[in-house]
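The values are calculated or read from the model by the stated rules, or taken from the named source; none is laboratory data. The structure presented is a predicted model; accordingly, all values stated were derived computationally and were not measured. Backbone-built Cβ (ideal geometry, glycine too); neighbour counts: all protein chains shown.
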Amino acid sequence: MTENAGEKVLLIESQYFPPIDAYKTLVKHDILKIEKYEHYQKLSYRNRCYVAGPNGRMILSVPLARGKNQRTVMKDVRISNEEKWQGLHWKTLVSAYRRSPWFEYYEADLQELFEKPFDFLLDWNIACFEWVNSKLGINMPVIFTESYQKEVSSVTDARESILPGAVVQEAEPEYTQVFQERTGFIPGLSILDLLFCEGKQAMEVLKQG
């Protein structure tokens, strides 16, 4: 798959169940291009995502074979499967979202994903991305970089622009979250939060604004 003239291409790093802000940007493009030749960067969404719990934001972090300080090319970053992180992440999601309107609808299918073993972070992230897209009805073509280029043209370069703690690119649409009466609306969460809370209306929320 290659870019065609007139199609809007988004270039971004691989992310674990990307934040809503990333999807807000994604739905305005025709093709997604994922950077696979960059060096892994810590403190990013590459191996972490955030979900809503009763006391606020909670982090889900995928453990890496050489730790978070490694400088490995992204396509070669390995997951550390010594600890049962997938089981822990799944239990956290069940605990946080079992009372959400749509969790039960997606539960069995998503649990199957968390039971599949993965050795590389990129493969895991792509599997999560494809799972979400199938539920949102997004059929966007996905391509990968063939080498690392610091400067690129003819694409929207969103690499390193959507980061935990950073100011969001645009106002995030509000929707009713599970613990909103207790915590207030929490921005910067994973696309999973929107999916579990809004279900089939999630795409309409993403297109707001």
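Side notes on the structure shown:
- Hits in region 74-106 - residues which are free of Cβ contacts under 8 Å to residues at least 40 places away in the same chain and more than 15 Å from Leu192 (Cα to Cα): Ser80, Asn81, Glu82, Glu83, Lys84, Trp85, Gln86, Gly87, Leu88
- Those helices (runs of 4 or more DSSP H) of region 117-209 in which 1 or more residues are farther than 21 Å from Glu35 by Cα, touching a Phe, Trp or Tyr at 6+ places or on another chain (Cβ under 6 Å) and free of Cβ contacts under 8 Å to residues at least 60 places away in the same chain occupy 202-206.
- Hey, Arg66 surrounded by fewer than 14 Cβ atoms within 10 Å (Cβ to Cβ) and either more than 30 Å from Arg182 (Cβ to Cβ) or at pLDDT 95 or above (or both) or not: yes
- Within region 83-116, the set of residues being among the charged types (D, E, K, R) and either on the phi > 0 side of the Ramachandran plot or part of a helix (DSSP H, G or I) (or both) comprises Lys91, Glu104, Glu107, Asp109, Glu112.
- Filter pass, Ser134 being closer than 25 Å to Gly87 by Cβ and loosely packed, with under 15 Cβ neighbours inside 10 Å: yes
- Taken over region 136-159, residues that are touching a helix residue (DSSP H, G or I) at 6+ places or on another chain (Cβ under 6 Å) and basic (Lys, Arg) amount to 0.
- Test: residue in region 46-60 that is in contact (Cβ under 8 Å) with a residue 24 or more places away in the chain, in a strand (DSSP E or B) and within 22 Å of Ser147 (Cα to Cα): no
- Qualifying residue in region 68-82 (condition: within 22 Å of Gly188 (Cα to Cα) and either under 18 Å from the mean Cα position of the chain (by Cα) or outside any strand (DSSP E or B) (or both)): yes
- Filter result for Leu60 (at pLDDT 95 or above and touching a Ser or Thr at 6+ places or on another chain (Cβ under 7 Å)): yes
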